[in-house]
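A quick write-up on the structure given underneath.
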Amino acid sequence: MRFLLASVFSLIVITSLHAQVTVTNSTFFNIGDTLRIARAGNPEVIQAGSAGTDLNWDYSALYKDTAVQIVVKDAVLGNASADFPSADVFQDVGFGETYFKVTPSAITNLGFLTNGFAGVPVMISPKYNPALVEKRSPMNYFDVNTSEASFLISFSTDIVPDTFFTGIPFKPDSIRVNQMIDRLDVVDAWGTLSIPGGDYSVLRERRRTITETTIELQLFGLWVDLGSLGLQFPGVGKDTTLAYHYFSDTEKETIAVVTVNKDDETETLGVQYKDNGISGTFQPEQMSSVLLKGPQPTSGILRFDFEPLTAPAQVDIFSMQGQQVFSRSGLTGQSVLEVYNLSPGTYVYRVSVDGRLAESGTLLFQ
């Protein structure tokens, strides 16, 4: 009997050591928290892999490309607090503010203040209706949730620069932007995740997001889709993204977010992870001088000197949320890039050679 009891006790201990975690609202961010997030310069070295239990993901070879610190503040201090009266907190992300409601069961994104959206260079504060779910509590293995969010905002063209209407025979009276989001979240795995500076017990949530954004112009009393006029703007249209979010039961940052090709999940497009202040095991080669020659800030012209590189370069530009907004490859020598379609704000650029980072930094568009 003593041997049986000892065996049962050992089994309980072993099981508890490898049991899945439950993510609760103790990991929800609150006023005064600082979220530290790094973006990987070598996302291609990892893969999300298949679903399952008691898995081990080793992402410790990631190195830091750029890093941001986001302070969570009382919503009443925000510039758009009057537009979001039910918000509890907001985050200042550099070129705008995002407002959140925090309840015991969820963090929801109520909307945001931005100085440019979908190519429209104007200060607007869209409100999601219903709000967009950012995190739920409690979260357990094999939870399945669907959610929808959308906004519709219209404004007079009097506040939009005339250059925005280049190519349009008539200046419209008004503009409206419509965005619809449809998301499916499945907690498909649990295990241990290693990133530079730490190992964490995590739940992994697979998020498939379909986003459709349209811009319409009011011409002679009728609303006309901008796409029907043959005009293209970043972020406009229908897009599907697939990302894996790794949540721990102790940290307020998401431990990692791995974005993959929706058609080929073995291709990793980008990774952001909790910044523990560790650079990682690989650093890009140091150049004798910086490749970006300016100007900074810029209104749409970027000059690079790729002479120090041994092979053609690729330049990618990302929004602060990680969305790729520009890409050009095969660049050599003295190069001038024209990027006039980006809204004012802060962006991140990456110069890579044969898939490896050569330089990165921030860009300010005005």
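The values are calculated or read from the model by the stated rules, or taken from the named source; none is laboratory data. These numbers come from a predicted model, not from an experiment. A quick note on method: Cβ atoms are made from the backbone with ideal geometry, for glycine too, and the neighbour counts reach across all protein chains shown. When the accessible area is computed, the model is the full protein with side chains, heavy atoms only, and any ligands, DNA or RNA have been set aside. Shrake-Rupley method; radii C 1.70, N 1.55, O 1.52, S 1.80 Å.
Provide the solvent-accessible area of residue 57, counting protein heavy atoms only and rolling a 1.4 Å probe, rounded to the nearest 10 Å². Rounded to the nearest 10, that gives 20 Å².
Using the structure shown, list the pairs from 64/135; 73/135; 101/135; 64/274; 64/238 with a Cα-Cα distance above 22 Å, or answer none. Please list the in-between numbers first.
On the way: 64/135 25 Å; 73/135 18 Å; 101/135 11 Å; 64/274 10 Å; 64/238 31 Å.
Flagged as over cut-off: 64/135; 64/238.
Spin-label model, residue 144 to residue 329: label points 7 Å out along the Cα-to-beta-carbon direction sit 3.7 nm apart.
Checking a compactness column here: for region 51-155, what do you get for Rg(Cα) / (2.2 N^0.38 Å), N being the number of residues?
Numbers: Rg = 16.9 Å, N = 105, 2.2 N^0.38 = 12.9 Å.
My calculation over the Cα atoms of region 51-155 gives 1.31.
Grab the Cα-Cα distance for residue 311 and residue 356, subtract it from 0.36 nm times how many residues apart they are, and report the gain in nm with one decimal. Please report the intermediate quantities before stating the final value.
Numbers: separation 45, 0.36 × 45 = 16.20 nm, distance 1.12 nm.
Additional length available on full extension: 15.1 nm.
Cβ-Cβ distance of residue 199 and residue 156, R₀ of 51 Å, FRET efficiency by 1/(1 + (r/R0)^6): the value works out to about 0.45. The figure for residue 73 is an accessible area of roughly 80 square angstrom, using a 1.4 Å probe on the protein chains alone.
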